[in-house]
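Reviewing the structure listed below.
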Amino acid sequence: MRPDTAPTQTVTRLAEYQPPAWWVEEVHLTFDLQPQAALVTAKIGFRRNAERPGAPLRLDGRKLTLRGCAVDGAPVTPELDDEGLTYAGDLPDRFTWTCETEIDPQANTELEGLYLSKGMYCTQCEAEGFRKITYYPDRPDVMAPFTVRIVAPKSVPVLLSNGNPGATGALSAETHFAEWHDPHPKPAYLFALVAGDLVSHDAAFATASGRPVDLKVWVRPGDEDKCAYAMDSLIRSMRWDEATHGREYDLDIFQIVAVDDFNMGAMENKGLNIFNSKYVLASPETATDRDYELIESIVAHEYFHNWTGNRITCRDWFQLCLKEGLTVFRDQCFSADERSEPVQRIQDVKALRARQFREDQGPLAHPVRPEEYIEINNFYTATVYEKGAEVIRMLRLLVGAEGYRKALDLYFDRHDGQACTIEQFRTCFEDACGIDLGQFSRWWHQAGTPVVTVQDAWEDGTYTLTLAQTTPPTPGQVEKAPMVIPCEVGLLLPDGREAVPSRLLEVTEVEQSFAFEGLAARPTASLFRGFSAPVVVSREIDETDLALLLGSDTDPFNRWEAGRQYAQRILFDLLAGADTVPEAWSAACQALLVDDTLDPAFRALALDLPGEDELAGEIAANGGQADPDAIHAALTSLRETLAERLEGDLATTYDAMQVPGPYSPDAQSAGKRALRGRCLGLMMAGSAGADRAQTLFAQADNMTDQLSGLVALVHHAAAGWEEALAAFHRQWQADPLVLDKWFSLQATNPRPGAVARVIALTHHADFDWKNPNRFRSVVAAFAMGNPTGFHMASGAGYDLLADWLIRLDPVNPQTAARVAGCFETWRRYNPARQAKMRAEIDRILATPALSRNTAEILSRIVGT
Ligand code: TRP
Ligand code: ZN
């Protein structure tokens with residue numbers, strides 16, 4: 001039951017889509033920037049859509065003060081409400097709308113629309129933030145060229161917007177202006193403005209056809225030495241899109257701006273990407289290997305949106321996966337090409353399972369293309385992004401790399417400059433490749449993770465695989481139809497040789513069999529190589545087969561997968577009361593650890609045990625109740641056993657993986673540091689680690705090693721951990737991104753007393769909770785990354801999360817709603833924990849004036 005204090009939740013439905021009543025031919029905006037009273041003058045050319053004759057002029061607008069508006073110069077008085085304005089008077093088929101609004105950037109804590117971050121003006125308009133700047137048909141199918149003039153005091157020296165630069169100059173002794181023109185028609189969600197005291201790191205680029213492009217990465221003074229990697233990533237992304245997709249950049253300038261207060265990772269505004277500074281700023285001393293990797297992939301992601309998202313955009317927000325799934329897939333391919341394909345794939349699948357399978361198996365499950373929403377910001381989900389990318393990956397697998405390229409070329413040819421739907425995208429694949437994607441398109445429409453049950457038989461040299469599929473019910477979708485499931489399979493002989501190399505099976509029916517003839521011995525099937533479909537595989541497989549796949553499969557992903565399953569099986573046995581760990585498993589781990597023919601990054605992943613949340617999800621999916629303390633204990637004991645059995649090799653590998661010379665973020669060096677860190681983590685379970693951790697922390701010349709040493713010391717309360725923690729804070733006090741790491745490593749500390757420690761962190765002078773990065777580094781890090789603390793039997797962890805959500809919600813509803821998603825797994829636990837979580841959710845839902853963002857998420861979580 002939803003408490004009646006919750007706001008009314010209007011539902012937007014795909015089925016009710018109507019084209020806009022008015023098209024926009026051009027937009028001219030003038031900004032007069034003042035912290036508390038910025039004036040925005042809009043001059044907009046409207047043209048009636050002949051398909052919707054007689055419709056009044058309806059413009060979206062929120063939290064705006066209307067100073068005046070006119071039609072073709074004649075003042076008019078439209079009807080105002082909380083969501084916008086309506087002008088029902090007579091209108092010609094084409095007219096010029098002028099409108100002056102006043103906004104208060106300083107009071108804008110939601111970080112949507114025009115706001116101030118550390119004295120810098122910036123905007124965030126996706127999905128519906130432009131309506132907080134001026135009245136407008138704020139929907140992605142209304143596209144127009146924009147011309148922008150920014151007027152500001154000279155104390156705000158840098159004035160940026162989308163497109164190419166135009167005139168600049170002084171207006172008086174105190175004020176100046178700059179103009180920008182973006183010739184490419186775009187939806188309002190891609191509008192951006194930045195103004196502040198900024199410095200740029202510049203580079204020159206020439207496109208494949210020889211057009212020069214100025215590249216600029218803008219940061220606050222003092223950070224200019226931390227932009228090189230972002231710039232390098234940008235240049236490599238631009239080259240990659242030319243080489244692999246034949247796509248060139250299309251303006252004279254491309255700019256990236258780093259801001260400290262940002263709700264998400266980054267935003268692809270046309271020609272002026274705005275980034276969370278966490279995904280721009282990097283130096284060896286302040287950023288980890290993982291940070292470098294994320295900078296590279298997010299810079300690429302936003303750049304790739306220029307074609308997949310900006311030039312071809314979404315008709316409506318239900319089509320979000322059209323740009324996000326495709327762009328994530330493109331950035332994953334880029335990272336695989338730039339680094340290691342198998343390592344990239346394993347990481348992507350780990351993330352997919354941790355976030356998307358979790359979502360699909362809980363109350364927030366929804367199709368990649370949803371059919372209704374209350375708050376669109378709540379649909380920037382792992383399902384839309386990550387599962388959306390898996391759908392594109394399967395398409396490429398089905399039509400082949402050449403078919404994929406042909407289909408995308410057709411898509412760009414046919415739809416450049418348009419706002420499209422998934423159906424239009426699908427038709428390009430059908431037309432280019434001559435296939436029917438009718439059944440395949442269920443991947444966009446049907447929620448839930450399919451479960452594929454595997455059975456096999458062996459008779460007279462013929463091996464038969466039988467694959468059966470079911471998709472569990474999800475909210476609002478009880479009945480499920482069979483999917484097209486691509487299964488890449490190879491067969492191994494008992495001696496490890498490959499009897500049948502990879503081939504693609506297409507499972508389209510509820511149950512289907514595939515026969516392999518003429519085999520010398522009963523083979524072991526290596527299924528779903530490279531994770532060829534986002535499904536759960538249910539298969540009885542014995543330890544001999546797992547060991548064979550782990551040791552000999554030609555597919556590196558499945559070697560990793562076999563190890564993961566093997567470890568999972570042992571953990572379940574431990575949870576069920578077993579008190580020994582099979583020697584065969586630790587021997588297999590050892591073989592991987594010392595195999596110098598394998599990439600260290602791969603070895604690091606292969607030695608990474610399943611996570612606590614992953615195990616909890618697995619237990620719940622099999623009808624059990626997850627016990628976070630028991631899971632933690634089982635993992636700890638498995639880690640200790642492994643550390644004991646591998647003691648000598650861990651130390652040797654740790655020492656061998658030292659990377660000589662100055663720090664470099666390249667994949668090889670990072671892989672060695674990752675393996676080293678993995679060894680150290682295991683060694684901390686025994687007694688061999690503490691000294692090494694202390695030395696690593698004290699002598700590190702880079703953040704990866706320094707942090708790896710510090711986490712090892714703190715999470716194991718090794719001698720000197722308190723001094724190390726204090727020293728780190730003293731050293732990095734002035735660097736907010738490093739301080740975030742200091743906070744989150746404490747929030748995720750699994751040692752007893754987590755709730756009290758986290759409460760203490762929230763009272764720390766540096767806990768600036770209105771900054772989303774800082775809030776997440778404490779509150780979300782705790783709720784997601786500290787299962788024993790968060791699920792403490794007293795319910796104190798739940799209470800802490802609820803307190804902070806109630807506090808954050810009125811200030812920043814987007815981030816509050818996102819973090820509220822931490823409650824989505826509440827049904828996995830025992831009735832006592834469920835009741836405690838439910839009570840906290842209800843307490844939040846009963847908060848007066850709760851945002852519709854948080855209200856929607858929590859009501860879906862409890863199922864009302
Ligand atoms: N479109 C952005 C991306 O995926 C993400 C995004 C959506 C976003 N809404 C946002 C970023 C709000 C910041 C704030 O790249
Ligand atoms: Zn994106």
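Take the Cα radius of gyration of the range 723-864 and divide it by 2.2 N^0.38 Å, with N its residue count; two decimals is plenty.
Details: Rg = 15.2 Å, N = 142, 2.2 N^0.38 = 14.5 Å.
Normalised by 2.2 N^0.38 Å, the Cα Rg of the range 723-864 equals 1.05.
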Quiz item: When you count, for each residue, the other Cβ atoms within 10 Å and take the mean per peptide, how do 466-473, 795-802 rank with the highest first?
Solution: 795-802, 466-473
Exercise. Compute the Cα gyration tensor for the chain, then decide on rounded, prolate or oblate, letting a ≥ b ≥ c be the square roots of its eigenvalues: rounded whenever a/c is under 1.5, prolate when a/b is larger than b/c in the other cases, and oblate in all that remain.
Key: prolate
Quiz item: What lysines could a cross-link reach from Lys63, if we take a straight Cα to Cα line under 16 Å and drop same-chain neighbours fewer than 8 places away?
Solution: Lys132
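Computing the accessible area with a 1.4 Å probe over protein heavy atoms, can you report the carbon and sulfur percentage for the range 506-607? Please report the intermediate quantities before stating the final value.
Details: 2040 of 4250 Å².
Carbon and sulfur: 48 percent of the exposed surface of the range 506-607.
Seen from all sides and averaged, what is the projected area of the convex hull of the Cα atoms in the range 234-335, in nm²? Provide the component values of the computation, followed by the final result.
Details: hull surface 27.1 nm².
Result: a mean projected hull area of 6.8 nm².
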Quiz item: Among the listed pairs Lys186/Lys480; Lys278/Lys323; Lys118/Lys216; Lys186/Lys406; Lys350/Lys741; Lys118/Lys741, which are separated by more than 30 Å between their Cα atoms?
Solution: Lys186/Lys480
Quiz item: Using every alpha carbon pair in the range 108-173, what percent of pairs falls into each 10 Å bin from 0 up to the bin containing the largest distance?
Solution: 17, 44, 33, 6, 0
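What translational D, rounded to a whole number of µm²/s, comes out for the range 389-530 from Stokes-Einstein when the hydrodynamic radius is the Kirkwood one over Cα pairs, at 20 °C and 1.002 mPa s? Write down the numbers at each step before the final one.
Details: Rh = 17.1 Å.
Taking Rh from Cα pairs, D becomes 125 µm²/s.
What number, in percent, do you get for the relative contact order of the range 44-101 if the mean sequence gap of Cα pairs under 8 Å and at least 6 apart is divided by its residue count? Before the final figure, lay out the partial values.
On the way: 86 pairs, mean separation 28.4, N = 58.
Reported as a whole number, the value is 49 percent.
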Practice problem: Starting from the Cα gyration tensor of the range 316-380, take the square roots of the eigenvalues, sort them a ≥ b ≥ c, and report rounded, prolate or oblate (rounded when a/c is under 1.5, otherwise prolate if a/b is larger than b/c, else oblate). | Solution: oblate
Quiz item: Convex hull over the alpha-carbon atoms of the range 573-710: what's its volume per residue in Å³?
Solution: 123 Å³
Quiz item: Relative contact order for the chain using alpha-carbon pairs under 8 Å, separation at least 6, rounded to a whole percent?
Solution: 9 percent
Practice problem: Sort out for me the Cα centre separation of the range 175-202 from the range 502-556, rounded to whole Å. | Solution: 52 Å
Practice problem: Principal axes first, then extents: for the Cα atoms of the range 469-586, list largest minus smallest coordinate on each axis, whole Å, largest first. | Solution: 46, 42, 21
Quiz item: Which of Phe379, Leu395, Gly362 sits closest to the plus end of the dipole of the range 346-400, meaning its Cα is farthest towards the positive end, when Lys and Arg get +1 and Asp and Glu get -1 on the C-beta?
Solution: Leu395
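How large a share of the accessible area of the range 104-153, in percent, is made up of carbon and sulfur atoms when the probe is 1.4 Å and the other protein chains stay in place? Let's see the in-between values first.
Details: 550 of 1060 Å².
Carbon and sulfur atoms account for 51 percent of the accessible area of the range 104-153.
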Practice problem: Over the range 188-333, with every protein chain in place, what whole percent of the accessible area is carbon and sulfur at 1.4 Å, could you tell me? | Solution: 52 percent
Self-check item: Å² of accessible area per residue within the chain, as computed with a 1.4 Å probe and no ligands counted
Solution: 37 Å²
Practice problem: Pull out a ≥ b ≥ c, the square roots of the eigenvalues of the alpha-carbon gyration tensor of the range 346-461, then state rounded if a/c is under 1.5, prolate if not and a/b is larger than b/c, and oblate in the remaining case. | Solution: oblate
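The values are calculated or read from the model by the stated rules, or taken from the named source; none is laboratory data. Not measured: the values here are computed from a predicted model. All Cβ positions, even for glycine, are placed from backbone atoms using ideal geometry, and neighbour counts span all protein chains on display. These accessible areas exclude ligands, DNA and RNA; they are computed on the full protein's heavy atoms, side chains included. Shrake-Rupley method; radii C 1.70, N 1.55, O 1.52, S 1.80 Å.
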